[in-house]
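Written out below as structure tokens is the structure these notes cover.
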Amino acid sequence: MGHVLGLLALVGMALAGVAPAAAQAPSAAELARGKYVFGATGGCGCHTVPKQPVNAGGRKYDGPFGTVFSSNITPDPKTGIGSWTDEQIITAIRLGRRPNGERLLPVHPYTVFNGMAEGDLKAVTAYLRSLPPVNRPNQPKQITVPMFESVFLPAWLAAFAPKETPPPTAPTGGVARGEYLVRAVSHCGEC
């Protein structure tokens, strides 16, 4: 009987437009952790054009396959990641997939970030959401190699991309912490 009453209360609140509980705002400690981890990844450098708004994208990267521009990762709902769910942001960071399924090019080091602990990814997501939104449309990539995204990139990822196993929690000290930061967060092997 108690389950029925609880269900009726939830239905009543839904019909009345009342949420049972608001999403809890991240704590100052979680935001600080997110800022720290984001900084360890290289921070806003990749997503910021010098002397322009932080994380608003547009930084140009030329490669043998063409040119790409970093994405707007501010919480702007139209041009940034503001309308993405936390899980969609984590999927982009870790697996290199946009909410529509489009593959990110590995200029974004998701092949390394796939080894980040879930708690660190959640903290980074909370931190990104806490920053000021910037309305700046993303620039389209200019791929010059035919079939690069449909054939060559998937083949390269299958043959050479590292497949990390994220730890249940990020190590907090010693050699394990250093290895985690170097391999999964700072992507030092990329250089």
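The values are calculated or read from the model by the stated rules, or taken from the named source; none is laboratory data. This structure is a prediction, so every number in the text was calculated from the model and none was measured. With ideal geometry, Cβ positions are generated from the backbone for all residues, glycine too; neighbour counts draw on all protein chains shown. SASA here: full protein model, heavy atoms, side chains in, ligands and nucleic acids out. Shrake-Rupley method; radii C 1.70, N 1.55, O 1.52, S 1.80 Å.
Residue-wise, which Karplus ³J(HN,Hα) couplings in Hz belong to region 103-115, taking 6.51 cos²θ - 1.76 cosθ + 1.60, θ = phi - 60°, and x for glycine or proline?
7, 7, 6, x, 4, 7, x, 5, 5, 9, 4, 5, x
Quickly estimate the mean residue ellipticity at 222 nm for the chain, helices only: each DSSP H run with n ≥ 4 gives -39500 (n - 2.57), and the total goes over all residues, rounded to 500. Write out the running numbers ahead of the final one.
Details: 7 runs with 70 residues, N = 191.
When only DSSP H runs of four or more count, the value is -11000 deg cm²/dmol.
Out of residues 5 or more away from GLY63 or on other chains, whose amide H comes under 5 Å of its own, with H placed 1.01 Å from N in the peptide plane?
Close amide H contacts, sequence-distant or interchain: VAL68.
With the crude spin-label approximation of a point 7 Å out along Cα→Cβ, what separation in nm comes out for VAL182 versus GLU118?
Simple spin-label model gives 2.8 nm for this pair.
In whole Hz, with x marking every Gly and Pro, tabulate ³J(HN,Hα) for region 142-150 from phi via Karplus 6.51 cos²θ - 1.76 cosθ + 1.60, θ = phi - 60°.
10, 8, 9, 9, x, 6, 4, 6, 8
Whole number in Å², please: accessible area per residue of the chain, 1.4 Å probe, ligands, DNA and RNA not counted. Please list the in-between numbers first.
Values: 11240 Å² over 191 residues.
Spelled out: the 1.4 Å probe surface of the chain, per residue, equals 59 Å².
Under the rule a/c < 1.5 gives rounded, and otherwise a/b versus b/c splits prolate from oblate, where does region 102-191 land using the Cα gyration tensor? Spell out each step's value before the answer.
Values: a/c = 2.66, a/b = 1.29, b/c = 2.06.
Oblate.
Where the Cα atoms of region 142-191 are projected onto their three principal axes, how long is each span, largest first, in whole Å?
The principal-axis extents, from largest down, are 46, 21, 16 Å.
Express the carbon and sulfur contribution to the solvent-accessible surface of the chain as a percent, rounded to the nearest whole number, probe 1.4 angstrom.
On the way: 7210 of 11240 Å².
Carbon with sulfur: 64 percent of the solvent-accessible area.
Note down the nm distance, to one decimal, between modelled labels 7 Å out along Cα→Cβ at GLU87 and at LYS51.
Rounded to a tenth, the inter-label distance reads 4.4 nm.
Among rounded, prolate and oblate, which fits region 54-115 when a ≥ b ≥ c are the square roots of the eigenvalues of its C-alpha gyration tensor, a/c under 1.5 means rounded, and a/b larger than b/c means prolate? Could you put the intermediate results ahead of the total?
Details: a/c = 1.93, a/b = 1.19, b/c = 1.61.
Taking the square roots of the gyration eigenvalues as a ≥ b ≥ c, region 54-115 is oblate.
Taking amide H positions as placed 1.01 Å from N in the peptide plane, with prolines and chain starts having none, which residues 5 or more places from THR74, or on another chain, fall under 5 Å of its amide H?
Residues meeting the amide H criterion: ILE81, VAL134.
Please give the charge dipole size of region 16-122, origin at the Cα centre, charges +1 on K and R Cβ atoms and -1 on D and E Cβ atoms. Round to the nearest 20 debye. Display every interim value, and only then the final one.
Numbers: 11 positive and 8 negative charges, 55 e Å.
I would put it at about 260 debye.
In debye to the nearest 20, how big a dipole does region 40-186 give about its Cα centre with +1 on each Lys and Arg Cβ and -1 on each Asp and Glu Cβ? The partial results should precede the final answer.
Details: 15 positive and 10 negative charges, 60 e Å.
Here region 40-186 has a charge dipole of around 280 debye.
Roughly how tilted is helix 28-40, in degrees to the nearest 10 and between 0 and 90, from the longest Cα axis of the chain?
With both axes taken from Cα atoms, the answer is about 10 degrees.
Whose amide H sits under 5 Å from the amide H of ILE143, counting only residues 5 or more places off or on another chain, with H placed in the peptide plane?
So ILE143 has HN proximity to THR67.
Rounded to whole Hz and in sequence order, give me ³J(HN,Hα) for region 158-165 from the Karplus expression 6.51 cos²θ - 1.76 cosθ + 1.60, θ = phi - 60°, writing x for Gly and Pro.
Whole-Hz 3J(HN,Hα) from phi for region 158-165: 5, 8, 10, 5, x, 10, 8, 10.
Could you name the lysines whose alpha carbon sits less than 18 Å from that of LYS60, not counting residues in the same chain fewer than 8 places away?
Filter leaves LYS51, LYS141.
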